[in-house]
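Presented below is the structure to which this report refers.
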Amino acid sequence: MRRSRLTTLLTLATLAFAGNSLAATTPADAIKYRKAVMSAMAAHTSAFSLISFGRVEHQGHMLAHVDALAVLGTQLKVLFPAGTGTGDTDALPLIWQEQARFGELLTASEKSTADLRAAVAAGDKAATMKAFKAVGDSCKGCHDRYRKEND
Ligand code: ASC
């Protein structure tokens, strides 16, 4: 039987941890990784939203979702290396044409997820809803300017 993809990935990971150097990251893999992290953020946001609007009763999971969001929020700034604006991506070239402005939005996004985490940790419902809206606005602000329109 063909070796599974998972086995291959685990082998590569083991080699990497053992100190063997892997080939430099390809743009295609950097894009794939960016999408994986973005999807993870979208999933935690979606789960958090279902709880915070009372559609499911998993209040005990709220902190886990915002913890993940806040941590992933700090990773955003390394997800757009030069050379990853073409290929299988919805990221617009404008990102690399106005790095300062883009960077400011990423910093604001990072702060918004940290603020949301703090509001949830403090058990402050009103502050949580306000901070959650700010996170959504931050995601949307960046997507509106820097992501291709999707139907
Ligand atoms: C999400 C998600 C986004 C943002 C955005 C907020 O859950 O996948 O792209 O929130 O819709 O306006």
Considering each residue of region 99-151, count those that are β-branched (Val, Ile, Thr) and open to solvent by 50 Å² or more (accessible area, probe 1.4 Å), and give that number.
-> 1
Can you name the condition, by its number, that ALA68 falls short on among (1) among the hydrophobic types (A, V, I, L, M, F, W, C); (2) open to solvent by 70 Å² or more (accessible area, probe 1.4 Å); (3) within 19 Å of ALA122 (Cα to Cα)?
-> (2)
Checking ASP88 against (1) touching a residue at least 60 places away in the same chain (Cβ under 8 Å); (2) open to solvent by less than 80 Å² (accessible area, probe 1.4 Å), the condition it does not meet = (2)
Report, by residue number, each residue of region 33-63 that is away from the ligand (no atom under 14 Å from the Cβ) and either open to solvent by less than 60 Å² (accessible area, probe 1.4 Å) or in contact (Cβ under 8 Å) with a residue 24 or more places away in the chain (or both).
-> TYR33, GLY54, VAL56, MET62, LEU63
Check on PRO93, without any contact (Cβ under 8 Å) to a residue 24 or more places away in the chain and either open to solvent by 60 Å² or more (accessible area, probe 1.4 Å) or within 21 Å of ALA28 (Cα to Cα) (or both) | yes
Do any helices (runs of 4 or more DSSP H) lying entirely in region 82-151 carry at least 3 residues that are within 15 Å of HIS65 (Cα to Cα) and away from the ligand (no atom under 14 Å from the Cβ), and which ones are they?
-> 99-121
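The values are calculated or read from the model by the stated rules, or taken from the named source; none is laboratory data. On a predicted model such as this, the values are computed, not experimentally measured, just so you know. Cβ atoms come from the backbone with ideal geometry, glycine included; neighbour counts cover every protein chain shown. In case anyone asks, the SASA skips ligands and DNA or RNA and just uses the protein heavy atoms, side chains included. Shrake-Rupley method; radii C 1.70, N 1.55, O 1.52, S 1.80 Å.
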